[in-house]
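Shown next, in structure tokens, is the structure this report addresses.
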Amino acid sequence: MRFDKVILVNPPSPAGYVANRDSMGGFGQLYPEGVTVLPPLDLPYLAGFLASKDVPLVVIEAEGLGLRAEDVAERIAAATPGGSSAPALVVVRTAAPTLDSDLAACTVIKKATSAVRIAMYGAVVAHVRTRLERETVLDYLVQGEPDETVWELVSGRVESEIAGLSYRVDGRWVDNPPRPFEKRLDEIPFPKWELFPYEKYAIPRSSTAGDLPFLPMLTSRGCPFGCHYCPYPVGQGLPWRFRSPQNVVDEIEHLVKDLGIQYIVFRDPMFSMRLPRVVEICEEIGRRRLVFKWRCETRPDCLDEETIRAMAAAGCEGINFGVESAEEAIQKNVGRKPISPEKIIEMTSLCRRHGIKTFCFFIIGLPGDTVETILGTIEFAIRLNANWVQFTAATPFIGTKLRRWAVDRGLVSEDEYSYVSSHQATVGNENLTKEQVDRLHRFAKLFERFLLNRGGILKDDTREGAVYGAARSTANFVSAVSARALFAIGSARLAQVS
């Protein structure tokens with residue numbers, strides 16, 4: 001073995017934020033302090049893969065444990081006391097908005113002990129090489145899915161033969177060919193959550209009840225739709241790769257029965273790419289009598305009533321729909337297969353009929369957007385009557401086609417990578433300035449926060465009782481009327497000043 005042990009690190013968040021390095025296709029986002037904490041899913045996957053090879057492992061989940069960089073370095077120093085014939089390999093997960101903070105943590109680690117080598121991985125690594133190559137604290141870079149690359153590095157394979165690895169030779173970086181995406185997903189060991197503080201991960205049940213222990217899962221990887229603004233095809237590839245229903249439910253059973261998980265969030269970019277497979281998963285959940293709640297993400301045009309019915313029977317309580325824009329021309333303009341407003345309304349209504357909540361996502365300021373098209377999207381979101389909505393600002397995440405579009409038009413610089421999140425406007429488009437997009441985005445967020453989502457107040461559709469039901473219905477009615485009135489006033493003013 002080239003290394004004595006492997007230490008996997010999910011670094012601390014930048015000050016004042018909670019980092020979700022798993023979101024946006026693994027490129028990550030920052031959120032305000034206090035939100036649900038969760039490590040990137042590829043880290044417990046890597047732990048599971050290395051554990052299956054009997055590699056000595058230490059996991060330091062600084063995010064979940066609330067550790068500072070100094071605390072992480074102290075733990076690593078304690079785990080590498082010296083005297084070993086081989087150093088330890090510290091594998092650090094990074095993301096676009098946390099890159100500088102993560103590199104600073106690596107510097108603290110190297111100062112604390114010389115008995116380690118540091119490898120960094122994450123979807124952003126391949127796109128910020130100029131930045132990373134300046135860092136003498138790094139010994140290796142891992143591009144693509146890390147499991148096999150890290151294992152081959154640890155096991156002693158010649159560095160020049162390891163696909164997906166970059167390493168130093170006489171002070172210069174050497175890049176090996178990329179590693180293809182893994183297609184045999186059933187052969188990948190389950191994530192090793194037992195090495196993580198998974199008991200600390202909880203999802204809010206509602207505004208009026210306690211939290212539920214939850215974990216994420218991946219039943220498939222990749223998305224063939226390739227929307228220009230979406231980083232998922234960049235991080236996971238365009239080909240859709242999937243696990244068998246049996247393998248998926250085997251992991252579900254492990255989470256529910258062995259770890260006590262009551263809620264699962266399926267992180268697939270496209271959960272319902274093949275409807276018969278979804279139905280098989282749901283039927284197998286029923287055969288094994290597994291009781292838990294879950295949600296997934298998909299497109300409204302990749303569902304039908306038979307599948308929705310099966311999902312509801314298997315415990316699905318929520319579906320995230322990417323709507324993005326109510327204008328089909330805007331959708332098409334950003335490489336998205338258009339979905340008609342009528343189809344979106346139909347699927348949202350079907351979900352409501354079967355007791356499944358819908359969470360619809362919208363993007364403000366896409367290429368081609370104007371004041372009129374954005375106001376039309378906001379009006380549609382009000383009329384759609386989804387359970388929850390989210391308005392984000394169009395963000396040219398590094399590696400996406402939207403990024404190249406923005407760079408070519410001088411809207412962002414070539415080396416600008418560290419976006420905090422898509423919850424703030426960062427660019428304009430060919431029709432709107434950044435300030436106009438920001439104004440329209442903030443207008444949309446008024447509806448999201450105070451009227452449509454209401455901060456979760458009286459939003460629990462599962463709570464029984466006549467009094468609560470009456471109060472919820474009243475709140476829904478008042479919110480709908482208020483939203484229509486505010487939109488009429490606000491949209492007229494925005495149309496005048498824009």
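Data for the structure
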{"read-out": "Single residue of the stretch 128-185 satisfying the filter (of a type in the set (Val, Ile, Thr) and in a strand (DSSP E or B)) that is least open to solvent (accessible area, probe 1.4 Å)", "value": "Val142"}
{"read-out": "Conditions (1) part of a helix (DSSP H, G or I); (2) open to solvent by less than 50 Å² (accessible area, probe 1.4 Å): number failed by Val467", "value": "(2)"}
{"read-out": "Among (1) under 14 Å from Cys227 (Cβ atoms); (2) under 21 Å from the mean Cα position of the chain (by Cα); (3) open to solvent by less than 40 Å² (accessible area, probe 1.4 Å) - the single one Phe271 does not satisfy", "value": "(1)"}
{"read-out": "Residue check for Asp438: surrounded by fewer than 18 Cβ atoms within 10 Å (Cβ to Cβ) and either part of a loop (DSSP other than H, G, I, E, B) or under 24 Å from the mean Cα position of the chain (by Cα) (or both)", "value": "no"}
{"read-out": "Single unsatisfied condition, Ser207 versus (1) surrounded by fewer than 17 Cβ atoms within 10 Å (Cβ to Cβ); (2) at pLDDT 95 or above; (3) over 22 Å from Gly48 (Cβ atoms)", "value": "(2)"}
{"read-out": "Restricting the stretch 88-107 to residues that are of a type outside the set (Asp, Glu) and surrounded by fewer than 19 Cβ atoms within 10 Å (Cβ to Cβ), the residue that is farthest from Tyr167 (Cα to Cα)", "value": "Ala104"}
{"read-out": "Residues of the stretch 298-312 satisfying the condition of being buried (at least 20 other Cβ atoms within 10 Å of the Cβ) and either assigned to a loop (DSSP other than H, G, I, E, B) or out of contact with any helix residue (DSSP H, G or I) (no Cβ under 6 Å at 6 or more places or on another chain) (or both)", "value": "Thr298, Arg299, Leu303"}
{"read-out": "Scope the stretch 23-62; condition assigned to a loop (DSSP other than H, G, I, E, B) and surrounded by fewer than 24 Cβ atoms within 10 Å (Cβ to Cβ); matching residues", "value": "Ser23, Glu33, Gly34, Val35, Thr36, Val37, Leu41, Lys53, Asp54, Val55, Pro56"}
{"read-out": "Residue that is farthest from Thr395 (Cα to Cα), among those in the stretch 325-363 that are open to solvent by less than 50 Å² (accessible area, probe 1.4 Å) and of a type in the set (D, E, K, R)", "value": "Lys357"}
{"read-out": "Filtered residues of the stretch 67-80 (kept if touching a residue at least 24 places away in the same chain (Cβ under 8 Å), over 19 Å from Thr94 (Cβ atoms) and open to solvent by 40 Å² or more (accessible area, probe 1.4 Å))", "value": "Glu74"}
{"read-out": "Residues of the stretch 258-268 satisfying the condition of being surrounded by fewer than 17 Cβ atoms within 10 Å (Cβ to Cβ) and either in contact (Cβ under 8 Å) with a residue 24 or more places away in the chain or in contact with a Cys (Cβ under 9 Å, 6 or more places away or on another chain) (or both)", "value": "Leu259, Gly260"}
{"read-out": "Contacts under 7 angstrom Cβ, first residue in the stretch 284-301 being more than 20 Å from Asn247 (Cβ to Cβ), partner open to solvent by 10 Å² or more (accessible area, probe 1.4 Å) and of a type in the set (Lys, Arg), 6 or more apart", "value": "Pro300/Lys343; Asp301/Lys343"}
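Listed here are the residues, each with its yes/no results for (1) more than 17 Å from Ile330 (Cβ to Cβ); (2) surrounded by fewer than 19 Cβ atoms within 10 Å (Cβ to Cβ).
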residue	(1), (2)
Gly365	no, no
Glu379	no, yes
Phe397	yes, no
His423	yes, yes
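The values are calculated or read from the model by the stated rules, or taken from the named source; none is laboratory data. All of these numbers come straight from a predicted model, not from anything done at the bench. For neighbour counting, all protein chains shown are included, and Cβ atoms are generated from backbone atoms with ideal geometry for every residue, glycine included. Ligands, DNA and RNA are excluded from the accessible area calculation, which covers all protein heavy atoms including side chains. Shrake-Rupley method; radii C 1.70, N 1.55, O 1.52, S 1.80 Å.
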